[in-house]
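Structure first, then comments.
Derivation of every value follows stated rules applied to the coordinates shown; laboratory data play no part. Quantities reported herein were computed from a predicted structural model and do not represent experimental measurements. Virtual Cβ from ideal backbone geometry, glycine too; neighbours counted across all protein chains shown.
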């Protein structure tokens, strides 16, 4: 780190610089002593930033034990401005956090909170907002907490715009409304909430590779409160509320509610809070970064935390690195670096696709790619199907593994399997007990009055909402959801069929197109109906697959009869669409009276079998759930396409028709089913 | 000039001229400041307005001669002159200090004694109770022969941002510096034979530190 001024220089008359302390986003800070021997901190603000000094001058005469005192503002011979401040010798909250990668003892959290609240409420009481709270700005000097950089935020925002030098550190604590230029005191409440979360869990709620990604998460993502003890979730959720009008309004209230919640937990104050909700033994083993392109979230951070605590080398790194950066610095097993690197590249690509490409563009690109694939026959060619089947096998294995991992890590109290219904495999699935609002956790004794909402705070509701989240729908609501989705499905099926008809050479005649749209629509309707019936309820996967298989038999029979009725099969001039020269794995069982193929064309039984297996192979209800991770996921549809090809290969059934149908059904089900964006899920009152 | 008179005033009452290289301050940019004491016997006690006697002079309710740190070979001992306890136990005679020992002087002052590196007998005193000399210190180093500075936790001074380590070592009352990094002393490359006991500002890639001889943490 290079600094402008060396030891023993005297840029300001009366002050001798002894050493540099640090470089912030906007200037350098030095330790200096006056001629009489008083130690001060000197903050150099470069003139070329055209800074406005009003903010600091406003705070020049504020006196509070929990605020770093500003003594004076001086100008040197170069016309640079210096802020003369109280020197605070102790460690910063940032340093303290580095020492507790798994979360601080609660007593320490309360100490920091008390000091910060006192200083901030003094500021707010004078109509001032700090705006740039972060652990590096909070100090503890001889047990007294001091909030630093008071009045400097104006500088910081100015310099941020002019120079891209700010560290990502600031962004972790920035309230969402700051992006819209709104700076109420709720901004400080939010930052304080983030710091409370970090002090308790050892990590910030929103991590990311870039400032943009983190800001986006502040705006849209819900914090994962599962790491916190149940009693504390409501108050942190209220402090991290996206909408400043709905957030806790002042720091005093936040402190009061936090203390009440701590009292309600009856946790020992000498230990970190997360110690109780997540025993170290249950933390996942350290996994290399490549293991979770998407699992960069809690799993990765926790694993890194364990690694950091476990090895001295990693502990040394943790002194200087934030968890997010740490993920890339913890040395993995030898030979992992290539995998890690490719994992990172892949992760970055996924992240780019998910965050930086606008949704309509994503849909259009996806549609175009699929059309090109189908048209060229690439997707339905035997090679592609072979690859697809291989990938499907790998993917299923992978998702099984990920699920096991997430269950281990969440300490799912159930082996009944309700947590396994994860659509987005990496999402945290709230367990049954917790989502029913009990202060759960088998390791913790049940406090008195458990299960009753605490006075003054709303009952806790899950904040990471997935298809596994239990919800209460009335029958009318279910009907409404189903009919809306089914109505929309008609339109979507029409569009999809039109795309296949005009975009590819799979459907050659209008009759085939009519058949295709009817089969797609019928399948989608049945799947949507079943999904909406099961939505928000608990249920065994196997049970649901069985029912879908039965439905598939019915749909297949109808589709087979329809094909015969339209003279597409079993007629003098059958359609080439339905012809297959594959004898399949099942094939004809003449002896058992099972006739699946009739001279290369599927019989009604063949249709029924195909649809039945297709319905069973995928967990279709997840594609229709209104809490699915995204309205439409291309990967889901491609898996459906491959599943279609696989089933067609097994039954046998015409491969191109089978896979295209599966793709179409998946697209129609996903696009048509009603969907709640993640940020609106909390406002539902169905939990 | 008023500033000038203040400085001379301060020098008169507070600064004790450095007799040799046996006491200096180590100022490290972005890290902190340590008082480095090289004697084999050191006095710790209360700071005094005139006639400072203690080598480690704390602003604390202590006697001016409260205890002595004594080094014999590679071991450090505490010789209490007033009420002292080590590891919670009141001690009356010379007591061996181990890595991690918590010392209490009088009723209030608590210090932690550490020997960070197994490679050297150099010890580190950390301020636990917040009682400090007149100017704030990050800690006090009781230097045996070597001082390791660098990015590792088990160095005497851990400088996480430094790319490599620096070794300060004493030979015949002189102080030298060695490093794999290319360090400069007033813009010219530093040689290992250069005696630094008169004070120096050393610069390297991403680092800068200063050795300031003196017993009292002087500002001038």
(request) Report relative contact order for the stretch B:149-220 in percent, whole number only (criteria: Cα-Cα under 8 Å, sequence separation at least 6). (result) 20 percent
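Provide, as a two-decimal number, the C-alpha radius of gyration of the stretch B:155-196 over 2.2 N^0.38 Å, N being how many residues it has.
1.22
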(request) Would you order B:102, A:209, A:512 from fewest to most other beta-carbon atoms within 10 Å of each residue's own beta-carbon? (result) B:102, A:209, A:512
(request) Arrange the following residues from fewest to most other Cβ atoms within 10 Å of their Cβ: B:155, A:197. (result) B:155, A:197
(request) Could you work out the relative contact order of the stretch B:6-213, using alpha carbon pairs under 8 angstrom and six or more residues apart, expressed as a whole percent? (result) 17 percent
(message) Given all pairs of different Cα atoms, what value in angstroms does the Kirkwood hydrodynamic radius of the stretch B:6-213 take?
(response) 17.8 Å
(message) What does the structure give for A:137-149 when I average, per residue, the other chain Cβ atoms found within 10 Å of the residue Cβ?
(response) 1
(message) Modelling each spin label as a point 7 Å along the Cα-to-Cβ direction, I'd like the residue A:71/residue B:90 distance in nm, to one decimal.
(response) 4.3 nm
(message) Give me A:515, A:190 sorted ascending by neighbouring Cβ count inside 10 Å, so fewest comes first.
(response) A:515, A:190
(request) Over the whole of B:30-41, what's the average partner chain Cβ count within 10 Å per residue? Rounded to a whole number, please. (result) 2
(request) Sum -39500 (n - 2.57) across every DSSP H segment of at least 4 residues in chain B, then divide by the residue count to get the 222 nm mean residue ellipticity, nearest 500. (result) -2000 deg cm²/dmol
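For the pair residue A:61 and residue B:171, what calculated FRET efficiency results from E = 1/(1 + (r/R0)^6), where r is the Cβ-Cβ distance and R0 = 60 Å, to the nearest 0.05?
0.65
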(request) Compute the FRET efficiency between residue A:78 and residue B:161 as 1/(1 + (r/R0)^6), taking r as their Cβ-Cβ distance and R0 = 35 Å, and round to the nearest 0.05. (result) 0.80
